[in-house]
Amino acid sequence: MERFPMTPGGLKKLQEELKRLKSEERPAIIRAIAEARAHGDLSENAEYHAAKERQSFIEGRIAELEDKTSRAEVIDPSTMSGDTVRFGATVKVVDEETDAEKEYQIVGADEANIEEGRISVTSPIARAMIGKGIGDQIEVQAPSGARYYEILGVSYR
């Protein structure tokens, strides 16, 4: 059984979504289906078909979240240290072409959000950074061609 690396915050968000789906969304859709059934002929009842489709989505998402939370391998970056980039690291890099500095935290796929500076451990830039240290150069294949970065700092928060 494959494990998914995840930060404690990422696991908490998945658990909160799972709780919301089970305690709020599921009961609401059950009520909506019952109400749509009360309107009579189900073959021509658009409300009923829409509610059943929504129920299918919710049940699928619940199953997916239960699977992911049960296979989560929680890694707390605040308990780690060192100068080598690993899962959970916050890495400061500089683009060697534009001199633009950026900071990324390497997180699990389900908690990645580029606007917040969190990138998936499976992303090309994260894969290029893993195992490297301060002062190392990395090459990342982008759609526009190869990009080169230098690692300026590594921290664990």
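Yes/no matrix, rows are residues, columns are (1) more than 25 Å from Glu64 (Cα to Cα); (2) in the same structural domain as Gly10 (by TED's automatic domain parsing); (3) touching a Pro at 6+ places or on another chain (Cβ under 8 Å):
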position	(1), (2), (3)
Glu97	yes, no, no
Gln105	no, no, yes
Asp110	no, no, no
Ile130	yes, no, no
Glu150	yes, no, no
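Can you find, within the stretch 60-78, the residue that is nearest to Ile30 (Cα to Cα) among those that are of a type outside the set (A, V, I, L, M, F, W, C) and without any contact (Cβ under 8 Å) to a residue 24 or more places away in the chain? Spell out how you get there, then give the answer.
Looking only at the stretch 60-78, we keep the residues that are of a type outside the set (A, V, I, L, M, F, W, C), and these are 60-61, 64, 66-71, 73, 76-78.
This time we only want the ones that are without any contact (Cβ under 8 Å) to a residue 24 or more places away in the chain, so: 60, 64, 67, 70.
On the way: Gly60: 15, Glu64: 20, Asp67: 23, Ser70: 26 Å.
That would be Gly60.
With respect to the numbered conditions (1) within 30 Å of Arg147 (Cβ to Cβ); (2) touching a strand residue (DSSP E or B) at 6+ places or on another chain (Cβ under 9 Å); (3) not aromatic (Phe, Trp, Tyr), which one is the sole condition not fulfilled by Ala72?
The number of the failed condition is (1).
Here are Arg26, Arg37, Arg127: which of them is out of contact with any Lys or Arg (no Cβ under 6 Å at 6 or more places or on another chain), of a type outside the set (Asp, Glu) and farther than 26 Å from Phe4 by Cβ?
Working: Arg26 fails: farther than 26 Å from Phe4 by Cβ; Arg127 fails: farther than 26 Å from Phe4 by Cβ.
Residue meeting the stated conditions: Arg37.
Basic (Lys, Arg) and in contact (Cβ under 8 Å) with a residue 12 or more places away in the chain: does that describe Arg118?
Yes, satisfied.
Return the only residue of Ala126, Ala89, Ala34, Ala112 being surrounded by fewer than 16 Cβ atoms within 10 Å (Cβ to Cβ) and either touching a residue at least 24 places away in the same chain (Cβ under 8 Å) or not β-branched (Val, Ile, Thr) (or both). So that I can check it myself, show each step before the final result.
Working: Ala126 fails: surrounded by fewer than 16 Cβ atoms within 10 Å (Cβ to Cβ); Ala89 fails: surrounded by fewer than 16 Cβ atoms within 10 Å (Cβ to Cβ); Ala112 fails: surrounded by fewer than 16 Cβ atoms within 10 Å (Cβ to Cβ).
Result of the check over Ala126, Ala89, Ala34, Ala112: Ala34.
What is the residue count in the stretch 136-155 for residues that are more than 14 Å from Glu97 (Cβ to Cβ) and either at pLDDT below 95 or part of a strand (DSSP E or B) (or both)?
Going through the stretch 136-155, the residues more than 14 Å from Glu97 (Cβ to Cβ) turn out to be 136, 141, 143, 151-155.
After this cut, where a residue has to be either at pLDDT below 95 or part of a strand (DSSP E or B) (or both) as well, the list is 141, 143, 151-155.
Number satisfying all stated conditions: 7.
The values are calculated or read from the model by the stated rules, or taken from the named source; none is laboratory data. All values derive from a computational prediction rather than experimental measurement. Glycine gets a Cβ as well: all are built from the backbone with ideal geometry, and neighbour counts include every protein chain shown.
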